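A short write-up of the structure that comes next.
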Amino acid sequence: MSIVINQKKCVGCRKCMQVCPGTLIKANENGKAYIKYPKDCWGCVSCVKECQFDAIDFYLGADIGGMGSKMNVTSKGDMIYWNITKSCGEKQTIEIDRTKSNQY
Amino acid sequence: MKIQNKKIIHTDVLIIGGGTAGCYAALTIREQSNLSVVIAEKANIKRSGCLAAGVNAINAYIVKGRKPEDYVDYAKKDADDIVREDLLLTMSEGLNRVTAKLEQLGLVILKDENGEYVARGNRNIKINGENIKPILADAVKELEDVTVINHLNITDYIVKDNQILGAFGFSIEDGTAYEIRAKSVICATGGASGLYKPNNPGFSRHKMWYPPFNTGAGYAMGIRAGAEMTTFEMRFIALRCKDTIAPTGTIAQGVGAKQVNALGEVYENKYGLTTSQRVYGTVKENLEGRGPCYLRTEGITPKQDEELLKAYLNMAPSQTLKWIEAGKNPSQQNVEIEGTEPYVVGGHTASGYWVDTNRQSTIQGLYAAGDVAGGCPQKYVTGALVEGEIAAEAIVHSNNQLTKQYEEHKLTEQEEEQLLTEKVQEYDKILNEKQPMFTVEQLEEAMQKVMDTYAGGIGSHYQFNEKQLSLAEEKINQIEQLAEGLSAEDMHELMFVYELKERLTVCKVLIAHLRARKETRWHSFAENLDYPEKSDEWLKYVNSRMEDGKIQIIYRDLVERGEQYEHSH
Ligand SMILES: Cc1cc2nc3c(=O)[nH]c(=O)nc-3n(C[C@H](O)[C@H](O)[C@H](O)COP(=O)(O)OP(=O)(O)OC[C@H]3O[C@@H](n4cnc5c(N)ncnc54)[C@H](O)[C@@H]3O)c2cc1C
Ligand code: SF4
Ligand code: SF4
């Protein structure tokens with residue numbers, strides 16, 4: 001279970017480094033974020049939600065059935081958009097309204 | 001690398017762990033008093049602990065037409081009587097109060113047309129819990145005279161003559177060593193994961209249910225300081241979605257999916273419906289060749305598919321990704337389930353600190369709340385909040401007494417500095433150690449393998465016998481010796497070293513408890529093959545206390561519902 005950080009998109013704001021419950025993300029020499037302990041990632045996606053620059057993607061490790069799809073999160077007001085890109089390039093977005101409860 | 005800086009801080013109340021219970025305790029203290037508070041949190045309270053990804057429902061709530069006593073009855077039955085009814089009742093009485101407060105702070109709760117919460121089953125209500133932790137953290141940030149120190153990993157209590165005086169720790173951010181002096185301390189560090197070989201031992205080893213960063217620090221510190229612990233032998237094993245180890249309640253309760261084996265037979269009725277029986281049934285079906293087991297979701301409606309995908313994004317997004325990646329929704333494919341590795345977690349089972357009705361531990365001035373506190377299973381989010389509240393109120397009400405006790409044992413300034421210097425030497429020794437034989441990772445794997453093989457892990461179908469437990473004990477002791485030679489290159493690695501040592505301490509106590517209860521009361525949770533039957537003789541608590549490095553077992557009589565339990569010091 002882990003994340004990848006796009007070095008081109010990262011602006012080094014450090015928000016992901018602050019929020020990770022395992023403090024697994026650190027700054028490299030250029031001040032940009034990288035995951036120092038990928039095997040220690042819990043997959044909580046806190047960092048993905050925190051990044052305002054769309055720089056962090058979340059994926060499933062191959063050992064738990066991951067096949068190369070990536071997921072990130074964007075938001076606008078109360079709406080959260082979960083964007084999934086499959087390895088074949090197919091995209092899908094699930095919208096969730098923060099002000100609405102789960103039905104289950 | 002060396003410790004960069006030293007800081008001594010004084011406060012009225014120190015809260016260790018700014019998670020669910022810890023944040024709520026801070027809110028309560030400031031609402032009811034002017035006491036100063038320091039929260040020491042190893043991560044960042046915005047998303048630390050169990051609530052990081054969000055939660056799916058309020059699992060503990062007294063729904064319309066039910067009473068707190070009903071919740072006590074349920075939890076007692078599920079744990080087959082080994083609970084503290086005084087704790088369960090005081091918790092149950094507060095569940096709806098803290099829920100109202102959460103709603104007031106901004107949590108979205110589903111309501112019907114009459115404005116009543118919509119129940120899910122007999123004890124749950126439906127919410128959007130994705131941002132439950134940021135909501136709590138924001139409320140804490142608004143408080144006056146509450147200092148939150150993020151990225152401060154606490155390693156030890158300061159205790160003199162059984163009186164708490166504060167705690168030590170270090171910042172993984174700037175390398176500062178801290179000595180925090182406090183008149184009372186609330187331990188709210190959560191439970192312990194990572195003791196056993198996990199479901200996914202490779203790259204995704206931390207794709208576990210319980211936070212891999214809750215390493216049992218609170219238990220270990222208490223054990224080393226001589227605090228009494230209870231019921232560690234009631235391990236928690238969760239039934240979870242295979243691979244992602246995501247919770248299953250949403251599927252089971254949300255769309256009413258039954259547990260079925262590979263032949264499509266519903267097997268849950270065969271073994272019973274308590275939490276441990278559901279795990280045991282799944283293990284048995286697999287052992288008898290009828291695995292894998294599933295939650296039967298095939299045939300649910302497209303609308304239900306859509307709602308399930310959304311519900312999981314609010315709590316365990318990996319499961320939604322898994323469905324999408326597989327190109328199959330739950331309606332098209334049953335969800336495979338498996339049991340997790342065993343955890344020690346007092347929010348689900350009854351293991352943890354032995355506390356009085358006010359949640360004070362056997363160390364004066366030290367309180368415990370949430371998953372770290374024992375005797376009170378089925379707490380979940382709301383129960384952890386209530387325990388934070390109870391501990392906070394007890395501190396506010398007995399502040400004069402607590403202050404007096406603290407003053408009696410107070411140290412001089414030189415003594416305080418001397419203690420911190422010694423602690424820094426301990427940290428620096430690990431930071432300076434050169435060319436160690438083993439790494440933390442190697443010893444962690446060794447520990448998990450021992451626990452898996454000899455203390456009833458996944459690999460041994462959660463079963464064990466006395467001979468195996470003796471081997472486990474011997475081997476864990478050896479690993480503990482080896483851990484003395486570990487080294488760390490930086491502050492984060494220093495934290496890894498302490499986390500491993502915490503887990504080893506918890507393992508030792510767990511093994512002692514598993515051996516002490518000579519019966520099998522709960523299948524899978526504590527299945528002793530030398531004593532496969534349950535017996536009324538064991539309607540008592542197995543407690544323990546570390547004395548001179550040795551674990552002493554103490555048996556105690558069950559505490560009844562109406563009782564106010566006090567420690568007899
Ligand atoms: C994945 C998951 C899903 C869940 N879903 C639900 C649900 O849907 N509904 C429900 O009611 N319940 C749910 N629960 C249960 C509930 O979330 C927990 O029982 C409850 O949050 C525990 O609260 P706590 O305060 O004891 O622990 P936590 O909230 O985990 O807090 C412990 C805190 O202590 C910190 N800490 C640990 N060690 C140290 C140290 N050495 N120094 C400093 N700080 C430290 C941690 O970083 C953390 O912030 C879920 C639990 C999990 C793990
Ligand atoms: S939050 Fe995004 S932009 Fe900021 S440091 Fe992290 S990856 Fe870079
Ligand atoms: S997914 Fe969670 S655990 Fe993993 S790096 Fe991001 S914040 Fe940390």
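The values are calculated or read from the model by the stated rules, or taken from the named source; none is laboratory data. Please read these numbers as outputs of a predicted model, since none were measured by experiment. No Cβ is skipped: glycine too gets one built from the backbone with ideal geometry, and neighbour counts run over all protein chains shown. Just the protein is used for accessible areas: all its heavy atoms, side chains included, with ligands, DNA and RNA removed. Shrake-Rupley method; radii C 1.70, N 1.55, O 1.52, S 1.80 Å.
Annotations for the structure displayed:
- Condition met for A:A55 (touching a Gly at 6+ places or on another chain (Cβ under 9 Å), open to solvent by less than 40 Å² (accessible area, probe 1.4 Å) and among the aliphatic types (A, V, I, L, M)): no
- The stretch A:66-93 - residue that is among the aliphatic types (A, V, I, L, M) and either in contact with a Leu (Cβ under 7 Å, 6 or more places away or on another chain) or facing chain B (nearest Cβ under 7 Å) (or both) and, of those, most open to solvent (accessible area, probe 1.4 Å): A:M67
Residue by residue, here is whether (1) over 19 Å from the mean Cα position of the chain (by Cα); (2) farther than 30 Å from B:M229 by Cα; (3) not aliphatic (A, V, I, L, M) holds:
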site	(1), (2), (3)
B:G299	yes, yes, yes
B:P317	yes, yes, yes
B:L321	yes, yes, no
B:P330	yes, yes, yes
B:G352	no, no, yes
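- Being at positive phi and small (G, A, S) is a description that does not apply to B:G383.
- Residue that is farthest from B:Y353 (Cα to Cα), among those in the stretch B:527-555 that are open to solvent by 10 Å² or more (accessible area, probe 1.4 Å) and aliphatic (A, V, I, L, M): B:L529
- From the list B:G289, B:G256, the one residue that fits, being within 13 Å of chain A (Cβ to nearest Cβ), part of a loop (DSSP other than H, G, I, E, B) and without any contact (Cβ under 8 Å) to a residue 12 or more places away in the chain, is B:G256.
- Residue that is open to solvent by 30 Å² or more (accessible area, probe 1.4 Å) and of a type in the set (A, V, I, L, M), where the choices are B:L431, B:L419, B:L411, B:L402: B:L419
- Residue list for the stretch B:505-526, filter: closer than 30 Å to B:Q435 by Cβ and crowded, with 24+ Cβ neighbours inside 10 Å: B:V506, B:C507
- Qualifying positions in the stretch B:28-64 - under 19 Å from B:D145 (Cα atoms) and open to solvent by less than 10 Å² (accessible area, probe 1.4 Å): B:T28, B:I29, B:V37, B:V38, B:I39, B:A40, B:I45
- Residue count for the stretch B:259-276, restricted to those that are of a type in the set (A, V, I, L, M, F, W, C) and not in a loop (DSSP other than H, G, I, E, B): 2
- In the set A:K26, A:K9, only one residue is under 25 Å from B:F203 (Cα atoms), basic (K, R) and either assigned to a loop (DSSP other than H, G, I, E, B) or within 16 Å of ligand 2 (Cβ to nearest atom) (or both); that residue is A:K26.
- Pairs where the first residue, in the stretch A:45-65, is at the interface with chain B (Cβ under 8 Å from one of its Cβ atoms) and the second is of a type in the set (D, E) and within 16 Å of ligand 1 (Cβ to nearest atom), C-beta under 8 Å, 6+ apart: A:L60/B:D243; A:I64/B:D243; A:G65/B:D243
- Of all residues in the stretch B:282-297, exactly one satisfies the criterion of being over 28 Å from the mean Cα position of the chain (by Cα) and aliphatic (A, V, I, L, M), namely B:L287.
- For the stretch B:190-222, a tally of residues being more than 12 Å from chain A (Cβ to nearest Cβ) and either more than 25 Å from B:N153 (Cβ to Cβ) or not in a loop (DSSP other than H, G, I, E, B) (or both) returns 7.
- Filtered by the rule that a residue be touching a Lys or Arg at 6+ places or on another chain (Cβ under 8 Å) and away from ligand 3 (no atom under 16 Å from the Cβ), the stretch A:36-66 gives a lone residue, A:G65.
- B:R181 falls short on exactly one of the conditions (1) under 30 Å from A:T99 (Cα atoms); (2) open to solvent by less than 20 Å² (accessible area, probe 1.4 Å); (3) not acidic (D, E), and that condition is (1).
- Within the stretch B:1-62, strands (runs of 3 or more DSSP E) holding 1 or more residues that are at pLDDT below 95 and within 14 Å of chain A (Cβ to nearest Cβ): B:55-58
- When the stretch B:464-479 is filtered for residues that are open to solvent by 50 Å² or more (accessible area, probe 1.4 Å) and either modelled with pLDDT under 95 or charged (D, E, K, R) (or both), the ones remaining, listed by number, are B:K467, B:E473, B:E474, B:K475.
- First in the stretch A:83-100 and closer than 19 Å to B:I132 by Cα, second anywhere and part of a loop (DSSP other than H, G, I, E, B), Cβ under 8 Å, 6 or more apart: A:I96/B:E130; A:I96/B:N314; A:D97/A:D78; A:R98/A:D78; A:R98/B:E130; A:R98/B:N131; A:T99/A:D78
- For the stretch B:223-245, the criterion of being open to solvent by 10 Å² or more (accessible area, probe 1.4 Å), closer than 27 Å to A:P21 by Cα, within 14 Å of chain A (Cβ to nearest Cβ) and β-branched (V, I, T) is met by none of the residues.
- Residues located in the stretch B:295-321, provided they are of a type in the set (A, V, I, L, M, F, W, C), open to solvent by less than 10 Å² (accessible area, probe 1.4 Å) and more than 10 Å from chain A (Cβ to nearest Cβ): B:L295
- In the stretch A:13-32, the qualifying residues are those that are of a type in the set (S, T, N, Q) and surrounded by fewer than 16 Cβ atoms within 10 Å (Cβ to Cβ), and the one that is farthest from the other protein chains (Cβ to nearest Cβ) is A:N30.
- The stretch A:35-44, residues that are in contact with a strand residue (DSSP E or B) (Cβ under 6 Å, 6 or more places away or on another chain) and either farther than 19 Å from B:F213 by Cα or facing chain B (nearest Cβ under 9 Å) (or both): A:K36, A:P38, A:C41
- Residue list for the stretch B:480-497, restricted to those being open to solvent by 10 Å² or more (accessible area, probe 1.4 Å) and more than 14 Å from chain A (Cβ to nearest Cβ): B:E480, B:Q481, B:L482, B:E484, B:G485, B:S487
- B:Q319 fulfils the conditions (1) in contact with a Cys (Cβ under 6 Å, 6 or more places away or on another chain); (2) more than 15 Å from ligand 1 (Cβ to nearest atom) except for a single criterion, (2).
- Yes/no for B:V279 being in contact with a Gly (Cβ under 7 Å, 6 or more places away or on another chain), open to solvent by 10 Å² or more (accessible area, probe 1.4 Å), more than 14 Å from chain A (Cβ to nearest Cβ) and assigned to a helix (DSSP H, G or I): no
- Filter pass, B:T155 being farther than 16 Å from B:R47 by Cβ, within 14 Å of ligand 1 (Cβ to nearest atom) and within 14 Å of chain A (Cβ to nearest Cβ): no
- Only one entry in B:E336, B:E341, B:E298 is in a loop (DSSP other than H, G, I, E, B), more than 30 Å from B:E408 (Cα to Cα) and touching a residue at least 60 places away in the same chain (Cβ under 8 Å), namely B:E341.
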